[in-house]
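Read the structure below first, then the notes.
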Amino acid sequence: MSDENKGVLQGFKEFLMRGNVIELAVAVVVGAAFTNIVNSVVKGVINPIIGALGSQNLDNYKACLTTCTVDKKSGEFTDGIYILWGSVLSAALTFLITAAVVYFLMILPMNKWKQRQEAKKPVDDAPADPTEVELLAEIRDALIAQRNGSSSANGTVITQKQSQ
């Protein structure tokens, strides 16, 4: 194998072994399994609740935009333009349930855990570094003092530049 192929294969191996790629793969697998749970909740709980008002299958909810002909045996539209608003409602409910479960069962506890970890960290009592404006003001004052013949501020500027 040539050096270029080894470099490409080595780079690909490094890419696969990064923590982010493995975490992403785990997230996709868990997300796929979680999707089945959410779909079951929508089919088993939400659709029957909505079905109390009409049909349990939300795909049956349609609206006709033009003159539509309905087959009397199946109840299906045979021609015309119609909107399947029931399937859009079903998808929106699935999304909202998924987002709520992810937020309340994953994001919220993780944020609380991070806050507790931050609270446990020791507080840094060191004085804050001077800001850029403060450093510029000190340099200005030192230059003014130097122009006036006083060299006492000169040491301050040198000390500040060395500390950076």
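Coordinate-derived values only; no laboratory data. Model, not experiment: these values are computed from the prediction. Using ideal geometry, Cβ is built from the backbone for each residue, glycine included, and neighbour counts are taken over all protein chains shown.
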Cut-off under 5 Å, modelled amide H: who pairs with CYS64 long-range | ILE83
What is the diffusion coefficient of the stretch 55-129 in µm²/s, taking the Kirkwood radius over Cα pairs and the Stokes-Einstein relation at 37 °C with a viscosity of 0.692 mPa s?
-> 191
Which of the lysines could a cross-linker bridge to LYS72, judged by Cα under 26 Å and excluding same-chain residues fewer than eight apart?
-> LYS62
In nm, what is the difference between 0.36 nm times the number of residues separating ALA91 and ASP124 and their Cα-Cα distance?
-> 7.0 nm
So the FRET efficiency between VAL70 and ILE37, C-beta based with R0 = 35 Å and rounded to 0.05, is 0.45
Cα-based Rg (one decimal) and Dmax (whole number) for the stretch 1-134, in Å?
-> 26.8, 84
Per the rule of 0.36 nm per residue minus the C-alpha distance, extending VAL101 to VAL8 adds in nm 29.4 nm
Report, as a whole number in µm² per second, the diffusion coefficient that Stokes-Einstein gives for the stretch 67-110 at 10 °C and 1.306 mPa s using the Kirkwood radius over alpha carbon pairs.
-> 120
If amide H atoms are modeled at 1.01 Å from N in the peptide plane, then the residues at a separation of 5 or more from VAL70, or on another chain, having amide H under 5 Å from its own are THR78
Sort 138-145, 107-114 for me by packing, meaning the mean count of neighbouring Cβ atoms within 10 Å per residue, highest on top.
-> 138-145, 107-114
For the LEU24, LYS112 Cβ pair and Förster radius 22 Å, calculated FRET efficiency rounded to 0.05 is 0.35
Excluding LEU89 itself, what net charge comes from residues whose Cβ is under 15 Å from its Cβ, given Lys and Arg +1 and Asp and Glu -1?
-> +1
Please give the per residue volume of the convex hull enclosing the alpha carbon atoms of the stretch 85-129, rounded to a whole number of Å³.
-> 74
